[in-house]
Amino acid sequence: MNILGIQIASIAFSLFMIYFTYLSYRRKYFDMPGFIIWTLLFLALAIASVFPEGLIPVAQILKISRLFDLFMVVGIFFLIVITFINFIHTQKIKRKLENFTQEKALKDPHQKG
Amino acid sequence: MKYRIIVPLYNEARYIKKFLENMPSKHLSSLILVDDGSTDKTAKIVKENYPKTTLLQQKINLGKGKSMETGALRAIKDKADVLIFMDGDMQHKPTDIDRFLRAFKKQRRIDIIFGARTIGKNMRLAPFMGNKMLTIIINLFFKYFLNDTQCGFRGFRAKVFDKVRWRSSGYAAETEMVINAARNRLRYREISIDTVYLDHYKGTSIFDGVIILAKITIWKFFK
C-alpha cells in the first residue's frame, strides 16, 4: 500500500487533534459527550486517511469523481456548520454579557448628591 | 419638565473634568454619566469631584450604543420627561442644552430634536465626506430630511423611547435611532450646534462608517 504525503499529514493532524482533545477534556474545557464526539470525528478522519478507498462508494453516489474532492466538499460543509454554530453561541454570550453588565451598572449607581 | 442628560464615557480622563467644569451647575444633578469600562481614571475623577451626578459603571466595554441605552433606562426609571444625549469629550457645548430644553418646552408637538453640526467647519475631509454620504443615503432611503444624521447631541421625549430604541451596541446606534424615528414618523426638528474636535483619533472611524453604511442597507430592506 502506497501512502501519499497528504495522507501522512492528515494522519498526523488527526492524532495531534485527538491528543489536543484529550488535553482539553482533562483541563475541563468540555465534558464527556464533547470529548467523545470530537475524538470520534478525528478518529474517523484518521481512518479515512489510511483507507480512503472505503469512501469510493460514497463519492460515486454523490457523483464526485475524485476522493480528494469529496474531502474538500465535506470539509467546507463542516466549516460552514461550525462557523454558524460559533456565531450563534457568540451572539448568545454577547447578549448575556451585555444584559448582565447593564443590569449591574443600573443596580449600583454612584450618586451621593 | 423633568429631564436627564446622558453622557456615555470611554477613557475621557483628559477631558471629563473640563467638561463637567463647563457644565452649568443647575444641570449637574440631571447628569447621568455612563462609564463604558474605561481603563483610565474617568470614573475616579467623576466620583471624587462630582458626587451630585449619577455615575453608572459598565465594568465591561460594551460600546457607545449600549452606554446610551443604559443611561436611557436609568432616565426612564427616574421618570424623566425628556432625555438628552451628548458626548463627554468636549465636542458639544453644555450651554446648548438649554436650547434643546427650550425647544421641547415651546414645541410640544416635537418628539425628537437632533443637533446639527456646521458640517465642514472644524471637520476634517474624511469624516465630512462620510457624514455627508450617510446623511444623503438616509434622507433618500427613509425620506427623513436631516442635515446631520451622525451628530451625537440629540434628545427625545421619554414617551417615544420604545419607538426609537436601538439595538446596535456601537456607533451605529445613533443612525438606528434616526431610522427608527423615521419609520415611526416622529415629529422632529434640528438645532444647529457648534462642535469642537479635540481628539481626532476617537469617535467614528472610516471602518465604523462602512459598517454603518452596511447596516443602513440591511435596515432599509430587511428590518
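The values are calculated or read from the model by the stated rules, or taken from the named source; none is laboratory data. Predicted, not measured: the structure shown is a model, and the values here were computed from it. Heads up, the Cβs are rebuilt from the backbone with ideal geometry, glycines too, and the neighbour counts pull from every protein chain shown.
If you check B:D87 against the conditions, is it more than 14 Å from chain A (Cβ to nearest Cβ), under 30 Å from B:F145 (Cα atoms) and either of a type in the set (D, E, K, R) or surrounded by 18 or more Cβ atoms within 10 Å (Cβ to Cβ) (or both)?
Values: more than 14 Å from chain A (Cβ to nearest Cβ): yes; under 30 Å from B:F145 (Cα atoms): yes; either of a type in the set (D, E, K, R) or surrounded by 18 or more Cβ atoms within 10 Å (Cβ to Cβ) (or both): yes.
Spelling it out, B:D87 is indeed more than 14 Å from chain A (Cβ to nearest Cβ), under 30 Å from B:F145 (Cα atoms) and either of a type in the set (D, E, K, R) or surrounded by 18 or more Cβ atoms within 10 Å (Cβ to Cβ) (or both).
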If you scan the range B:10-33, which residues turn out to be closer than 22 Å to B:L101 by Cα and touching a strand residue (DSSP E or B) at 6+ places or on another chain (Cβ under 9 Å)?
-> B:F19, B:L20, B:M23, B:H27, B:S29, B:S30, B:L31, B:I32, B:L33
Test B:K2 against the stated conditions and say whether it is under 25 Å from B:F156 (Cα atoms) and either more than 13 Å from chain A (Cβ to nearest Cβ) or hydroxyl-bearing (S, T, Y) (or both).
-> yes
Within the range B:21-42, the residues that are surrounded by fewer than 22 Cβ atoms within 10 Å (Cβ to Cβ), within 14 Å of chain A (Cβ to nearest Cβ) and part of a helix (DSSP H, G or I) are B:S25, B:K26, B:H27, B:L28
Of residues in the range B:99-108 being under 16 Å from B:P24 (Cα atoms) and touching a residue at least 40 places away in the same chain (Cβ under 8 Å), the one surrounded by the most Cβ atoms within 10 Å (Cβ to Cβ) | B:F100
Is there a residue being at pLDDT below 90, more than 22 Å from B:L31 (Cβ to Cβ) and in a helix (DSSP H, G or I) anywhere in the range B:105-126?
-> yes
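Any chance the range B:157-180 includes a residue that's among the aromatic types (F, W, Y), within 15 Å of the chain's Cα centre (by Cα) and modelled with pLDDT of 95 or more?
Taking the range B:157-180 as the starting set, the residues that turn out to be among the aromatic types (F, W, Y) are B:161, B:166, B:171.
Within this subset, residues satisfying the condition of being within 15 Å of the chain's Cα centre (by Cα) are B:161, B:166, B:171.
Right, trim to modelled with pLDDT of 95 or more and you get B:161, B:166.
Within the range B:157-180, one or more residues are among the aromatic types (F, W, Y), within 15 Å of the chain's Cα centre (by Cα) and modelled with pLDDT of 95 or more.
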May I ask you to say which residue of A:F77, A:F100, A:F68 is at the interface with chain B (Cβ under 9 Å from one of its Cβ atoms) and surrounded by 10 or more Cβ atoms within 10 Å (Cβ to Cβ)?
-> A:F100
Scanning the range B:158-197 for residues that are within 26 Å of B:T95 (Cβ to Cβ), buried (at least 20 other Cβ atoms within 10 Å of the Cβ) and not hydroxyl-bearing (S, T, Y) gives B:V164, B:A173, B:E174, B:M177, B:V178, B:A181, B:I193
Within the range B:43-79, restricting to residues that are hydroxyl-bearing (S, T, Y) and in a helix (DSSP H, G or I), the one that is nearest to the other protein chains (Cβ to nearest Cβ) is B:T70
Mind listing whichever residues of the range B:123-147 are touching a residue at least 12 places away in the same chain (Cβ under 8 Å) and polar (S, T, N, Q)?
-> B:N131, B:T135, B:N147
